[in-house]
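Every read-out reported here was derived from the displayed coordinates using simple, explicitly stated rules and does not represent laboratory data. Please read these numbers as outputs of a predicted model, since none were measured by experiment. Backbone-built Cβ (ideal geometry, glycine too); neighbour counts: all protein chains shown.
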Amino acid sequence: MLTRLVRIQLVIFGIVALVGLLLMTFVFVQVPTLLGIGKITVTLQLPSGGGLYRFSNVTYRGVQVGRVTALRLTKQGAEASLSLDTSPKIPVDLRAEVRSASAIGEQYVDLRPQSGGGPYLRDGSVIRAQQTIIPQAVGPMLDRVSALVNSIPGDKLSHLIDESDQGLRGAGYDLSSLLDSSATAIGKIGDVGDRTRTLIDDAVPLLNSQVATTDSLQVWARGLANVTQTVSDDDDQVRTLLRTAPAAANEVTRLLDQVKPTLPVLLANLSALGQILVTYNSSLEQLLVLLPPAIASTQAFGLPTNNPTGLPVGEFAITLGDPPPCTVGFLPPSSWRSPADTTTIDTPDGLYCKLPQDSPIAVRGARNYPCVGKPGKRAPTVEMCDSDQPFVPTAVRQHAVGPYPIDPNLISQGVPPDSRVPGLAPSAFDTAGDARVSVVPYNPATGSYVTPNGQRYVQSDLGAPKPPASWKDLLPC
């Protein structure tokens, strides 16, 4: 029979054992965590393991909220299963960073929210690899540093260290400022990591192109070396140029200020001229090819200094009225001015020979200009060349007499048609009789002449009585 003291001791021992068991179960063993009670499971996608291991801590804003329960490989990298507390709520818009908790390589996952609102992580959520950052592997970096050090010849390593010491001696403040500025710049780059990564990725094709053009770069470097050597050799001339360049620049500035009102107009006109030159590029090329030998041949035989006789060789001829000049398409005779009127006036547009293109008159006129854009077509204007409209002559032929043909182009510009009175019709009465007045040539020395009927007559007052005796008789009295 147990005494009352023993029973009290047993009860106390049982209570202590129960409390210890509960502490062991819920605090140390964390059975609810193992059973998933009050927890959510989230999958974290990683480009690589990043040094994580099972039971690594998971923190949210520096507070532990879970652990890594599993880590497995995938085709794209690795996946980690995170067991997180249901409280606090963690936003889906976050960035997961794998960080080191100590120098011995203890890693943990730090969840950093990018926004303060929902939606929130729930059981089965996935954190994409684009939202994760893993630490830079130390091993490859050490391998590269080792390869860099090994690339330096051993006999020159000490010389490199000595030169570095001399170059950096006394520059502690500058180095500190450089490191601080570099840290600030790296921090700024971290804020724009996505754009920095995009910039680096986009720079790969450019760098590959530089590798592919290594030979060209070497040629360019040699050319640059030659240029710099030339500049060094001509140092005095370069210094003179640098001294006089500001004054020359000021003169150019003043010149540009003076031509500023008219320069835009000039450039606009040059633009139109450039379009014309582009259109007639082939014709200009032909002219530039044929003109020099033609001039050279003319100088070879045409100049008197190149001729053994000392006389220029050439053929010149003056022709009048064969063929006659073209008048169709120009101002009508009633609008012609007196040759004594030398004032300058504005003439209408579109004045050129408007006879048919096969007319022998003015065959080199504007109506037979070749259209460069349409081979085989000839027209007087660019607009007519570009259109499907053929050239239409104003008249079929050029009349020697009679009224001037009607030109719609002149009438549209306010030029009146030919106002000359047409010739009168022949009279209806009979004109079979002899003419009352006739004009015939006569001999001024004898006064003789022949009439239309064939008879010869002499009129005494027409001829001189005697030839002049001297030159004084030729003078008037």
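Over 12 Å apart: what share of the alpha carbon pairs of the range 208-255 falls there, rounded to a whole percent? Mind dumping the intermediate values first?
On the way: 816 of 1128 pairs.
So the pairs more than 12 Å apart make up 72 percent of the total in the range 208-255.
Give the relative contact order (percent, whole number) for the chain; include only Cα pairs under 8 Å separated by 6+ residues.
Numbers: 434 pairs, mean separation 30.6, N = 477.
After rounding, I find 6 percent.
Taking the Cα-to-Cβ direction at Ile318 and at Val458 and moving 7 Å from each Cα, how far apart do the two end points lie in nm?
Between Ile318 and Val458, the label points sit 4.2 nm apart.
List every residue whose amide H lies under 5 Å from the amide H of Thr132, counting only residues 5 or more places away in sequence or on a different chain, with H placed 1.01 Å from N in the peptide plane.
Under 5 Å from the amide H of Thr132 lie the amide H atoms of Ala96, each far enough along the sequence or on another chain.
Give me log10 I(q)/I(0) at q = 0.08, 0.13 Å⁻¹ for the chain, Debye formula, one equal scatterer per alpha-carbon, no solvent.
Summing over Cα pairs of the chain leads to -1.00, -1.43.
Running Debye on the range 261-321 with equal point scatterers at the Cα sites and no solvent, what base-10 log of I(q)/I(0) appears at q = 0.16, 0.22, 0.26 Å⁻¹?
Once normalised to I(0) and log-transformed, intensities are -0.75, -0.88, -1.00.
What's the longest uninterrupted piece of the chain once you rule out the GluC sites (Glu not before Pro) that are loop residues per DSSP with at most 15 other Cβ within 10 Å?
Working: sites that count: Glu106, Glu315.
Result for the longest clean stretch: 107-314.
Report, by chain and number, residues whose modeled amide H sits under 5 Å from the one on Tyr369, excluding near sequence neighbours (fewer than 5 apart, same chain).
Result for Tyr369 returns Ala379.
Please work out, to two decimal places, the log10 of the ratio I(q)/I(0) at q = 0.12, 0.20, 0.25, 0.26 Å⁻¹ from a Debye calculation in which every Cα of the range 348-402 carries one identical scatterer.
The Debye formula, applied to the Cα set alone, gives -0.28, -0.72, -1.03, -1.09.
Can you give the longest stretch of the chain with no exposed loop site, where a site means chymotrypsin sites (Phe, Trp or Tyr not before Pro) in a DSSP loop (not H, G, I, E or B) with at most 11 other C-beta atoms within 10 Å? Don't jump to the answer; show the numbers that get you there.
Numbers: sites that count: Phe55, Phe316, Trp336, Phe429.
In the chain, the maximal stretch lacking such sites is 56-315.
Counting other Cβ atoms within 10 Å of each Cβ, which trypsin sites (Lys or Arg not before Pro) in the range 311-417 have at most 14 and sit in a DSSP loop? Each step should come with its number before you reach the end.
Working: sites: Arg337, Lys354, Arg364, Arg367, Lys377, Arg378, Arg397; in loops: Arg337, Lys354, Arg364, Lys377, Arg397.
Here the trypsin sites (Lys or Arg not before Pro) that fit, given the DSSP loop and packing criteria, are Arg337, Arg364, Arg397.
Give me D for the range 38-136 in µm² s⁻¹, whole number, from Stokes-Einstein with Rh from the Kirkwood sum over alpha-carbon pairs, 25 °C and 0.890 mPa s. Before the final figure, lay out each step's value.
Values: Rh = 13.3 Å.
Approximately 185 µm²/s, per Stokes-Einstein.
After finding the eigenvalues of the alpha carbon gyration tensor for the range 236-359, what semi-axes result from the square roots of 5 times each, listed largest first in whole Å?
Numbers: eigenvalues 388, 203, 71 Å².
Gyration-tensor ellipsoid for the range 236-359: 44, 32, 19 Å.
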